[in-house]
Structures are given as structure tokens and as C-alpha cells.
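*Asks:* Dropping a structure here in C-alpha cells format, bear with me for questions.
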Amino acid sequence: MTVFDWSPQTLDDFSQTHFFKQGTGISTGSFDGLHLGHRFLLNKLVEECKVQNLASGVITFKRPLPALKHADDYAGDISTLEERLKLLEGIGIDFVIVVDFDQEFASMKGVTFLDLLVQKLNMKLLAEGIDFRCGYKGATDTQAIKYWAAQAGIQTIFVDPVYYTQADGSEERVSSSYIRHLIQKGYMTTVRELLGR
């Protein structure tokens, strides 16, 4: 797996690598902990990229976005960047681009970001969770992305959330925030189940 840093200076260099010449399938997210929900999404990405002979890639962040957006009540990272990269490699991801979520990146419009993925990374396939949002203040939602993809000729995969059935029979969506809550409560057996390790 090859790891790149996202920066305006290096975006042009990306298009010169063999990954991007063959076309790419991409998923973007913090992927903190790389839990069962993340794995379901990324396994779909890897499988479809193999079928279409695309390079599978992930765009992730140096720190999970909740750490930056909700710093006052953020409980902490489940995994370090280094751990996330190892886990992504284990899934079979071909390349990862690490973003330092600065003000310039945060203020980018969603369509601008998606256009960059096509222009610089030769993206042919976008795979995300059904509630994925991107761009300034998350303004570009799934519906807008689907419209953009139809115009741009980009294939999309949107996966539904993965749910965990609790002891009382109720269902809880598997998410990094839920896992952080479980860690705080000391429910480590459940944490291991949801992380799959």
C-alpha cells in the first residue's frame, strides 16, 4: 500500500503514478478504529475495484474529524493514524491519501473536492456510507453526490449502516462514536466484537 499526503503541490504529481492512470475507486472518511461498518464499506470497494481493474484508495485524515470539529466533548481516538494505515493495508487497499484538515480544506466546496478526485486521481468509482457528506460544513449530501456522479459519469456505491444487537434486543448502529462510548463504560468485550479484533 502506498501512502501520500494531500496538498495542492502534490495533487498534480498523483496523476503521474500508475495507480491513477488505470483509474481508481475511492472512499473518504476518518475510519477511526476501522470497525465492522467501515470494513463492510471498504470490502465492497476493494471487491468492486478488482472486478473493474481499478486501484482502490482511501482518503483519510491525520486526526478523526470529530476531534477537530467537536474538540470540547471529544472522548479520544480509537486508533492512531499508523494503526489505521496498517488496518487499511490489511483490507487490501492499494493507496491512502492523508489529509491535514486545515482551513483551506475545510472551506472547499463538496463538488470541488469531488471534481478534484476525478481530475487528479482519475476516480471512476466512489464508495461511501449512505449518510456521507462532504464539502464546507458537510453541505454536499448523498442526494447531491448522486446528481453530480450522474453528470460526471462516475459509478457510486452507497452502503447502509451496520447494526449491532444489544443484550436487551435493541439495535445500535455501529459507529466510532458508539465504540468510544463503550470504551468509556468499560464494555471491552463488545468493543472487540464491533472492531472485529
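The values are calculated or read from the model by the stated rules, or taken from the named source; none is laboratory data. In this text, all values refer to a predicted model and were calculated from it rather than measured experimentally. Neighbour counts run over all protein chains shown; Cβ positions are idealised from the backbone, glycine included. In case anyone asks, the SASA skips ligands and DNA or RNA and just uses the protein heavy atoms, side chains included. Shrake-Rupley method; radii C 1.70, N 1.55, O 1.52, S 1.80 Å.
*Asks:* Can you tell me how much longer the chain between Gln22 and Gln143 gets when fully stretched, taken as 0.36 nm per residue apart minus their C-alpha distance, in nm with one decimal? Numbers along the way, then the final one.
*Replies:* Details: separation 121, 0.36 × 121 = 43.56 nm, distance 2.77 nm.
So the chain would gain 40.8 nm between Gln22 and Gln143.
*Asks:* Need the full-extension length gain, Ile183 to Tyr163, defined as separation in residues times 0.36 nm minus the C-alpha distance. One decimal, nm. It would help to have the intermediate numbers written out before the result.
*Replies:* On the way: separation 20, 0.36 × 20 = 7.20 nm, distance 1.76 nm.
Difference between extended and current length: 5.4 nm.
*Asks:* Which whole-number percentage describes the relative contact order of the stretch 1-152, with Cα contacts under 8 Å and a sequence gap of 6 or more?
*Replies:* Across the stretch 1-152, relative contact order equals 33 percent.
*Asks:* Compute the distance in nm between two label points, each set 7 Å from the Cα along the Cα-to-Cβ direction, one at Leu11 and one at Gln103.
*Replies:* 1.9 nm
*Asks:* Turning to a different aspect of this structure: Take each uninterrupted DSSP H stretch in the chain, measure its Cα extent along the helix axis, and return the ones at 18 Å or beyond whose mean Kyte-Doolittle hydropathy is at least -1.0.
*Replies:* 36-52
*Asks:* Decide, for the stretch 50-180, between rounded, prolate and oblate: order the square roots of the alpha carbon gyration tensor eigenvalues as a ≥ b ≥ c, take rounded if a/c falls under 1.5, and otherwise choose prolate if a/b is larger than b/c, else oblate.
*Replies:* rounded
*Asks:* Could I ask something else about it? Of Lys44/Lys86; Lys109/Lys146; Lys62/Lys185; Lys50/Lys120; Lys86/Lys109; Lys62/Lys86, which pairs sit farther than 23 Å apart, going by alpha carbon to alpha carbon?
*Replies:* Details: Lys44/Lys86 18 Å; Lys109/Lys146 16 Å; Lys62/Lys185 26 Å; Lys50/Lys120 21 Å; Lys86/Lys109 30 Å; Lys62/Lys86 14 Å.
Check vs 23 Å cut-off fails for Lys62/Lys185; Lys86/Lys109.
*Asks:* Taking the Cα of Glu171, stepping 7 Å toward and past its beta carbon, and measuring to each backbone N in the stretch 20-59: which are under 15 Å?
*Replies:* Once the point is set 7 Å along Cα→Cβ of Glu171, 37 turn out to lie under 15 Å by backbone N, inside the stretch 20-59.
*Asks:* Quick one: of the DSSP bridges fully inside the chain, what percent are antiparallel, nearest 5?
*Replies:* 15 percent
*Asks:* Residues with amide H under 5 Å of Gly129's amide H, sequence separation 5 or more or different chain, H placed in the peptide plane at 1.01 Å from N; which?
*Replies:* Amide H neighbours of Gly129: Val159.
*Asks:* Could you sort 120-131, 3-14, 85-96 so that the peptide with the highest average Cβ count within 10 Å comes first and the rest follow in order?
*Replies:* Descending packing order for the listed peptides: 120-131, 85-96, 3-14.
*Asks:* Per 0.36 nm of contour for each residue apart, how much would the distance between Ala75 and Ala152 grow if the chain were fully extended, relative to their Cα-Cα spacing?
*Replies:* Length gained between Ala75 and Ala152: 23.8 nm.
*Asks:* I want to check the label-to-label distance for Arg133 and Lys86. Put each point 7 Å from Cα in the C-beta direction and report it in nm to one decimal.
*Replies:* 3.4 nm
*Asks:* Okay, next question. Ignoring ligands, DNA and RNA, what percent of the accessible area of the chain is carbon or sulfur (1.4 Å)? Walk me through the numbers on the way to the answer.
*Replies:* Details: 4940 of 10210 Å².
That fraction is 48 percent.
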